[in-house]
1. Determine whether the range 220-232 contains at least one residue that is in contact with a strand residue (DSSP E or B) (Cβ under 7 Å, 6 or more places away or on another chain) and part of a strand (DSSP E or B).
2. How do the helices (runs of 4 or more DSSP H) wholly within the range 145-198 filter down when requiring 1 or more residues that are within 15 Å of residue 273 (Cα to Cα): which remain?
3. Is at least one residue of the range 18-34 assigned to a strand (DSSP E or B) and either modelled with pLDDT of 95 or more or over 18 Å from the mean Cα position of the chain (by Cα) (or both)?
4. Are there any helices (runs of 4 or more DSSP H) wholly within the range 290-400 with 2 or more residues that are crowded, with 19+ Cβ neighbours inside 10 Å, and if so which?
5. Determine if the range 381-392 includes at least one residue that is in contact with a helix residue (DSSP H, G or I) (Cβ under 6 Å, 6 or more places away or on another chain) and touching a residue at least 24 places away in the same chain (Cβ under 8 Å).
6. Being more than 25 Å from residue 116 (Cα to Cα) and assigned to a strand (DSSP E or B) is the filter here, so list the residues in the range 262-289 that pass it.
7. State whether one or more residues within the range 257-270 are within 17 Å of the chain's Cα centre (by Cα) and outside the structural domain of residue 19 (by TED's automatic domain parsing).
């Protein structure tokens, strides 16, 4: 098949959407399909992986690394590829999403698949319009865009249910964002020890890990508050915080106020190929955010066999599934108690490690790409009039 993939963000930005797009396109190409990404060009961007068609972009008024895409696709790229696509897959409902919809529905009349990555109402604090108006607008935008697609992909059942409650009637298929499990399972012990030495973490110090963008919606202060409580029982406990973002300075101040300046290491953003060793160096992963549709870092932690203590949300509960790969908690006190219990009880920790590795199989990029391909094939057959109701009943959640 030929698949055109539209995304609002790409390298050098590193986030769940970029990781999702790259892992999907690479696996599609490995299976012999032609997958081309259409993305905004970002200054100082690194070399793109695979085939990427870059579009012009402009800076946004706010201080951010994100860009405003200029909706211009070179004529040769339309003629040579877009006009030949079997499916167009959108990972945004903003400028590149509108472009994907235009080319799929009106210009070339091919199926449009939309992956819903972001719970936009959790980002209302970035809008100058206020929370109430922004929430209303994002709900209406999401409903209208999703209902214009031939199929919607949601990363968890909780997100699919939220879309239904918001008025989306398009067929929805639950497909977790996949990752390549192999690098996280192949880390040598020496690599993990080198990470501890690099960041000055003693071998006998319980090490908590958080990989996150340092932004308001990620609730990182909850992790700091939990660490302060953990250190009452485990004075040597440390937190390695990997990521960057607008709250970095405020979080450093918060760590100082909690007397955690020597206990929290701000590692900044690290290259993706270093992350498997970083996960392997830790004893536990803490996840304070409730704003994720899935939380790709949870899949990475599971793949590393790292138990997770996470803030409770319907999405995170779905990611855990039936596996007891740690614990879901409601506040800093519960997070601290769960961390202390898992570290103190080695049998329980070992059981959580086994459950984490089992949970990781649901996020294997080979399995998730196979399911995405089944969505492509179903909507293509439906457009051609050769699909059967059984094909849809077995794959999608349908509104009767």
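1. Within the range 220-232, not a single residue is in contact with a strand residue (DSSP E or B) (Cβ under 7 Å, 6 or more places away or on another chain) and part of a strand (DSSP E or B).
2. Where helices (runs of 4 or more DSSP H) fall fully within the range 145-198 and carry at least 1 residues being within 15 Å of residue 273 (Cα to Cα), they are 182-185, 189-198.
3. yes
4. Because the criterion is at least 2 residues that are crowded, with 19+ Cβ neighbours inside 10 Å, the helices (runs of 4 or more DSSP H) in the range 290-400 that meet it are 296-303, 314-320, 332-344, 346-360, 365-384.
5. no
6. 264, 265, 266, 267, 268, 284, 285
7. yes
The values are calculated or read from the model by the stated rules, or taken from the named source; none is laboratory data. Since we're looking at a predicted model, the values are computed, not measured. Glycine also receives a Cβ, built like all others from the backbone with ideal geometry; neighbour counts cover every protein chain displayed.
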